[in-house]
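Visitor: First the structure, then my questions, so here it is.
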């Protein structure tokens, strides 16, 4: 890899001096401090692992910490586009930040490759030829949990998510594949850490199960409080609520929980085995789903750079992205007409392996799933 720069926001944006400009410049905006930092760190580490393994001298990566704040993300994007003159942007974890950055970036002719956030608005009417969601569409992993709830015969789940775009997508996805009655539907505050009121609602609701989407520290707080509440209903969620960082913090309270995922460390794919081993060796920890997305995004990017320069021949670069000619850690991988993946979605179970809490695949929930909004995209 040619060079890595880091942008820091103080009273203004500044960049650490780097080497001579590479052929292709990538701007990564992700969350590296504050709440949710573990998600952005895993995203960055997965992406940079792939870049380092490729040992390229034609790609430069500039990294900025968005602090999970939309205004900071917008400032970083402006700096990267105008001063750093990046060709491609990537890395945003949170959908409200993506909605603040992506439409402006693509309107300026820049490519955006999403390592995580993929709100419904950008999968349907707001789709753009320069926007590719490498991860999923926001609803997908929640759809898998809804399909699981239906298959298990739950008839009255209580569902809960934060009040921001991905939270709304999550509950919409669950309901789409569950299709039954609900004991309750609650939107919490993004970044909330006290769930006493919500747990009291669950206790009084008559629910027979719980589905929740609370990524990062939110999920840790909820699971710890729930495990001490005396409520003993089956719990479901998406992979985001049961990633590696959350599981180590929660411990035994998460054992047996089922979660929807399009990746797992035990997925029987050669590229995945190589990724898991390389990540553990490089960082001395198991990779999370965010790291897997970052790794795939970097390898997709490199496959397109091999075909064309995004600045000199954007049409050829776009076509190379669309072809998705890389070895995904998820196995079979392709883009639908709205530039969102077509992929299998699984059900994982939280297990303990030695001293480590992790996940294993127990079922395939939905095969070759695209997204509910693809027909709204007019590309």
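Visitor: Work out the P(r) tail for the stretch 276-363: percent of alpha carbon pairs separated by more than 19 Å, whole number.
Guide: Pairs farther apart than 19 Å: 52 percent.
Visitor: Grab every C-alpha pair in the stretch 171-272, bin the distances at 10 angstrom width from 0 up to the longest one, and report whole percents.
Guide: The distribution over the stretch 171-272 is 13, 47, 31, 7, 1, given as percents.
Visitor: Something else now. Taking every DSSP beta bridge that has both residues in the chain, what percent is antiparallel when rounded to the nearest 5?
Guide: If I count the DSSP bridges inside the chain, around 35 percent turn out antiparallel.
Visitor: Give the Cα extents of the stretch 120-220 along the principal axes, in whole Å, largest first.
Guide: Cα extents, longest axis first: 47, 31, 20 Å.
Visitor: Distances over 19 Å make up what percent of all Cα-Cα pairs in the stretch 69-177?
Guide: Within the stretch 69-177, distances greater than 19 Å cover 47 percent of Cα pairs.
Visitor: Using just the C-alpha positions of the stretch 220-259 as equal point scatterers, what log10 of I(q)/I(0) does the Debye formula give at each q in 0.25, 0.35 1/Å?
Guide: Per q value, in the given order, log10 I(q)/I(0) is -0.84, -1.48.
Visitor: A follow-up question, please. With springs only between Cα atoms under 10 Å apart, run a GNM on the chain and tell me which of 325, 243, 45 wobbles the most.
Guide: Maximum among the listed residues: 325.
Visitor: Quote the FRET efficiency, to the nearest 0.05, computed for residue 337 versus residue 125 with a Förster distance R0 of 22 Å and r equal to the Cβ-Cβ distance.
Guide: 0.95
Visitor: Taking a ≥ b ≥ c as the square roots of the Cα gyration tensor eigenvalues, with a/c under 1.5 meaning rounded and otherwise prolate when a/b beats b/c, else oblate, which class fits the stretch 217-359?
Guide: Verdict is prolate for the stretch 217-359.
Visitor: Under the 0.36 nm per residue contour assumption, what length would be gained going from the current alpha-carbon distance of residue 325 and residue 353 to full extension?
Guide: 6.7 nm
Visitor: From the P(r) of the chain, could you give the percentage of C-alpha pairs in the tail past 36 Å?
Guide: 18
Visitor: Per residue Cα convex hull volume for the stretch 267-318, in cubic angstrom?
Guide: 100
Visitor: Using per-residue counts of other Cβ atoms within 10 Å, averaged over each peptide, order 223-233, 23-33, 106-116, 88-98 from highest down.
Guide: 88-98, 23-33, 106-116, 223-233
Visitor: Grab the eigenvalues of the alpha-carbon gyration tensor for the stretch 20-139, scale each by 5, take roots, and send me the semi-axes largest first in whole angstrom.
Guide: Each semi-axis is √(5λ); the values are 20, 17, 14 Å.
Visitor: Would you give the gap between the C-alpha center of the stretch 294-347 and the C-alpha center of the stretch 115-162, rounded to a whole Å?
Guide: After rounding, the separation between the Cα centres reads 20 Å.
Visitor: Next question, about the same structure. Using helices alone, what [θ] at 222 nm do you get for the chain, with -39,500 (n - 2.57) per DSSP H run of 4 or more residues, divided over all residues and rounded to the nearest 500?
Guide: Counting only the DSSP helices, I get -11500 deg cm²/dmol.
Visitor: Evaluate the relative contact order of the chain (contact order divided by residue number), counting alpha-carbon pairs under 8 angstrom at least 6 apart; express in whole percent.
Guide: Relative contact order, the chain: 18 percent.
Read-outs: derived from the displayed coordinates by stated rules, not from any lab. A quick note: this is a predicted structure, and the numbers were derived from the prediction, not measured. Using ideal geometry, Cβ is built from the backbone for each residue, glycine included, and neighbour counts are taken over all protein chains shown.
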